[in-house]
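Notes follow the structure.
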Amino acid sequence: MATKTINAELFTKMFLAGAANLEAKKEVINELNVFPVPDGDTGTNMTLTIMSAAKEVGALEKADMKSVSKAISSGSLRGARGNSGVILSQLLRGFTKEIREYEEIDVSVLASACERATATAYKAVMKPKEGTILTVARGLSEKARELAETMEDLEVFIPETIGYAKEVLEKTPEMLPVLKEAGVVDSGGQGLIEVLNGAYDVFQGKEIDYSAIETGPAVKMVKPKDQAEADIRFGYCTEFIIMTEQEFSEQDEETFKAYLESIGDSIVCVADEDVVKVHVHTNDPGLAIQKALTYGQLSRMKIDNMREEHQEKLIRDAEKIAAEQAEAAKKKEQKAPREPRKSVGFIAVSIGEGMNGIFKELGVDYIIEGGQTMNPSTEDMLTAIDHVNADHIFILPNNKNIVLAANQARSLVKDKDVIVIPTKTVPQGITAVISYMPDADVDTNEEAMLEEITNVKTGQVTYAVRDTHIDDKEIHEGDIMGIGDAGILSVGQSVEATAREMLEKMTDEDTEMISLYYGEDILEEDAKRFGEEIAELYPEADVDVHSGGQPIYYYVISVE
C-alpha cells in the first residue's frame, strides 16, 4: 500500500534520525576536507549545527508541524557554525518555512519545501560555487519537482530523490577541479546526504539509535535495547575462562553455545586448544557457570550487574548536569556590571592565548575563542554582541569559514549597528584593529579597514593528516605544509625549512613587515632564533616575533 503523507510525529523522528546519522558520520565527512590539515571540520560544523536544532526539537512540549518547524529553524540558525553549518541552517530554514502550515506533508509539499530550501541557501551565499552542498541541494529539489508531477507515493518518491542527489554528489569533482585533484567529493554535500539517509531510515521503519540526542516529553524515542534499563533483558554480564580437562570439540562448542543462547544473549565462545573464553549476558550466571564446570575448571570469573551500572551512569550524568547548571548560575551571579554605553565596540575571533592578549591590548572588547579548530556559532556571535554595550560593533571573524556565521548574527540583531569586516586570518584582524581611527566616523573606518586588510598576506605552517595530491603537490601524511591565502605554497619535512620556502613565495620587493606568531608547540627560544634568521634573509623588512599560542599551526606568518 502506498504511503502518501508524513505527519508531524514521523517528520520529527525523521529529522532527529537525520541528525543522529550525521553525528555518526561526522569524522568521515571531516576527512573529505580538500586540504589535508588537522582541522578539517565540515562534519563537525554541520553536526553541531543540526544538533542545536535537534536539542530544541527534543525539548518541545508539543510536537506539531508548526512547533517542530520553528524549533528546527531557530535551533539551526543560532547554532550554525562554519560555512557548511550556515548553509545547512539556511536549507533547514527554507524547508521548514514551507511545511510549517501543513498538518501532513505530501509529495507536492515536499517538493516545494526542497525548492524553497535551495533558494534560501543560495540567497545566503554572496558568491555561490557549484560543486558544493548547494549544487547537491539544487539537484535534489529539481528531481523532487520533476517526480512530484507524476507520482504521489512517498515510498518511491523519497528514495528516487535521494538517489539522484547522490548522483549529483558524485559529479561534484567534475565541477570543482580542486575536488578532482584531491580525489574527494564535496564534504558539505556528503553531509547533506547523510542527513537524508538517516531520515529515510526512519521512514522505512528501521530502529535508530537516538542516544546522541536529548529528547523531551513531546518526542518519546525508543532507544535500542542496550540503551535503557527497562530494555536490558538480561541483567548480568558474565565472563570466565574454561581450562578444559579433555578435548573441547566443535560439537562441544556448538552444544555449549546453544545452551548459552537458551539462557541469555551477547554470546562469545572461543576455543583455543585447552582454553575456552566465554562471555554471556544472562539473568542467572549460576546456570552458565554450572554448565561450564562440566567441561573443566574455571578462572578469571567476572560478573557485572548491568542494570546497576546503568543506574550509576544515570546518577553520574545527573550529577554532571547539576554541576554544570550550578557553575552556569555562579557565573551569571558573578557577571560584571554592564559597562556604560559607548559609540564603538570590537569583537574578534581568536585562536590562542597569545593572539587573545594582542587583541585585548589593541582594545578589543570581547574575544570569541575558536577560530580554526572550533568555529564559533551564530549563537556565540549573538552572545558577544549582547555583551558589548555599544551603538556600533565591528566583528572580526578572522577566518573565511566564520564570515557567514558573523553575517547571520548581524541579520538577527535589531538594536545595534553590527559591521562585519570579512577578515579571513588573525593577522588581517590585527591589521583591521590597528587601522581604526577613533576620530573618524563608522563608514570611514569600515572603508579604511576593508582597504588595509587587502595588503595583508598570511601563511600558516601545519602538518598533513593524510596522503593527497593538491595544488600540483604530492603530500604524504605527516608532511609539513605551508598554506597561503590561496593554497599550499610549500611542503617539506622541517617546520622552519617549509616556513622559509613559504615566505619566499609570499614576499616581494614591496614587503615592509613580516610578523611571526608561534604556536603552542614551538619553544620561545626557537621562535626568536628563527625570527633572527628571517630578519637576516629580509634585511629591508621589519621582523616581529609574537607568542600566538595557537594549536595545530606551528607558525602563523603575515607579510605586509
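The values are calculated or read from the model by the stated rules, or taken from the named source; none is laboratory data. Keep in mind the model is a prediction, meaning the values are calculated, not measured. Positions of Cβ are backbone-derived with ideal geometry, glycine not excepted, and every protein chain shown enters the neighbour counts.
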So, restricting to strands (runs of 3 or more DSSP E) that lie completely within segment 411-505, which ones have at least 3 residues that are among the aliphatic types (A, V, I, L, M)? 417-420, 480-483, 488-492
Among the residues of segment 357-376, count how many are in contact (Cβ under 8 Å) with a residue 40 or more places away in the chain, closer than 27 Å to PRO340 by Cα and surrounded by 18 or more Cβ atoms within 10 Å (Cβ to Cβ). 4
Kindly indicate the residue of segment 128-182 that is loosely packed, with under 14 Cβ neighbours inside 10 Å and out of contact with any helix residue (DSSP H, G or I) (no Cβ under 9 Å at 6 or more places or on another chain) and also farthest from GLY85 (Cα to Cα) among those meeting that condition. THR150
State yes or no: is VAL491 touching a Leu at 6+ places or on another chain (Cβ under 6 Å), more than 21 Å from ASN401 (Cβ to Cβ), not acidic (Asp, Glu) and not assigned by TED's automatic domain parsing to the domain that holds ILE421? no
Search result, residues across segment 347-403 that are under 23 Å from ASP521 (Cα atoms) and in a helix (DSSP H, G or I): GLU353, GLY354, MET355, ASN356, GLY357, ILE358, PHE359, LYS360
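Within segment 414-437, can you find the residues that are free of Cβ contacts under 8 Å to residues at least 24 places away in the same chain and more than 21 Å from ASN455 (Cα to Cα)?
Within segment 414-437, the first condition is being free of Cβ contacts under 8 Å to residues at least 24 places away in the same chain, and the residues that meet it are 414-415, 435, 437.
LYS414, ASP415, listed by residue number.
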VAL185 versus (1) modelled with pLDDT under 90; (2) closer than 30 Å to LYS62 by Cα; (3) crowded, with 22+ Cβ neighbours inside 10 Å: which is the lone unmet condition? (2)
Residue among VAL202, VAL168 that is at pLDDT 85 or above and closer than 30 Å to LYS473 by Cα: VAL168
Looking only at segment 43-55, decide whether some residue is more than 20 Å from ALA121 (Cβ to Cβ) and either in contact with a Ser or Thr (Cβ under 7 Å, 6 or more places away or on another chain) or assigned to a loop (DSSP other than H, G, I, E, B) (or both). no
Kindly evaluate ASP386 against the criterion of being within 25 Å of the chain's Cα centre (by Cα) and over 22 Å from MET46 (Cβ atoms). yes
Let me spell it out: the conditions are (1) touching a helix residue (DSSP H, G or I) at 6+ places or on another chain (Cβ under 6 Å); (2) of a type outside the set (Phe, Trp, Tyr); (3) touching a residue at least 24 places away in the same chain (Cβ under 8 Å), and ALA59 meets all of them except one. Which number is the exception? (1)
Among the residues of segment 102-128 satisfying the criterion of being touching a residue at least 40 places away in the same chain (Cβ under 8 Å) and among the small types (Gly, Ala, Ser), which is nearest to ALA165 (Cα to Cα)? SER108
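Could you list, in sequence order, the residues of segment 116-141 that are out of contact with any Asp or Glu (no Cβ under 8 Å at 6 or more places or on another chain) and either modelled with pLDDT of 95 or more or in a helix (DSSP H, G or I) (or both)? Full working, then the answer.
To start, the set of residues in segment 116-141 that are out of contact with any Asp or Glu (no Cβ under 8 Å at 6 or more places or on another chain) comprises 118-130, 134, 137-138, 140.
If the condition is that a residue be out of contact with any Asp or Glu (no Cβ under 8 Å at 6 or more places or on another chain) and either modelled with pLDDT of 95 or more or in a helix (DSSP H, G or I) (or both), then THR118, ALA119, THR120, ALA121, TYR122, LYS123, ALA124, LEU134, ALA137, ARG138, LEU140 are the ones that fit.
In this structure, does PHE248 turn out to be surrounded by 13 or more Cβ atoms within 10 Å (Cβ to Cβ) and either at pLDDT below 60 or not in a loop (DSSP other than H, G, I, E, B) (or both)?
Working: surrounded by 13 or more Cβ atoms within 10 Å (Cβ to Cβ): yes; either at pLDDT below 60 or not in a loop (DSSP other than H, G, I, E, B) (or both): no.
When the stated conditions are applied, PHE248 does not pass them.
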Residues (in a helix (DSSP H, G or I), out of contact with any Ser or Thr (no Cβ under 9 Å at 6 or more places or on another chain) and basic (Lys, Arg)) located in segment 57-78: LYS66
Could you check ILE395 against (1) closer than 20 Å to LYS123 by Cα; (2) surrounded by 23 or more Cβ atoms within 10 Å (Cβ to Cβ) and say which number it fails? (1)
Being over 25 Å from ASP415 (Cβ atoms) and in contact with a helix residue (DSSP H, G or I) (Cβ under 7 Å, 6 or more places away or on another chain) is the filter here; which residues of segment 340-356 pass it? SER350, ILE351, MET355
Report, ordered by the first and then the second residue, all pairs with beta carbons closer than 7 Å, sequence separation of six or more or different chains, a first member in segment 294-320 that is more than 23 Å from ARG233 (Cα to Cα), and a second member that is loosely packed, with under 12 Cβ neighbours inside 10 Å and at pLDDT below 85. GLY296/GLU245
Within segment 79-112, take every residue that is among the acidic types (Asp, Glu) and not in a helix (DSSP H, G or I) and give me the one that is farthest from ALA137 (Cα to Cα). GLU103
Restricting the search to segment 506-534, which residues are part of a loop (DSSP other than H, G, I, E, B) and among the hydroxyl-bearing types (Ser, Thr, Tyr)? THR507, THR511
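Among the listed residues GLY531, GLY492, GLY519, which satisfies the condition of being within 28 Å of GLU181 (Cα to Cα), in contact (Cβ under 8 Å) with a residue 12 or more places away in the chain and not charged (D, E, K, R)? Outline the logic, then answer.
Working: GLY531 fails: within 28 Å of GLU181 (Cα to Cα); GLY519 fails: within 28 Å of GLU181 (Cα to Cα).
One residue alone meets the criteria, GLY492.
Name every residue in segment 167-183 that is in contact with a Pro (Cβ under 7 Å, 6 or more places away or on another chain) and in contact (Cβ under 8 Å) with a residue 12 or more places away in the chain, in order of residue number.
Residues of segment 167-183 that are in contact with a Pro (Cβ under 7 Å, 6 or more places away or on another chain), as a first pass: 179-180.
Of everything in segment 167-183, just one residue is in contact with a Pro (Cβ under 7 Å, 6 or more places away or on another chain) and in contact (Cβ under 8 Å) with a residue 12 or more places away in the chain, namely LEU179.
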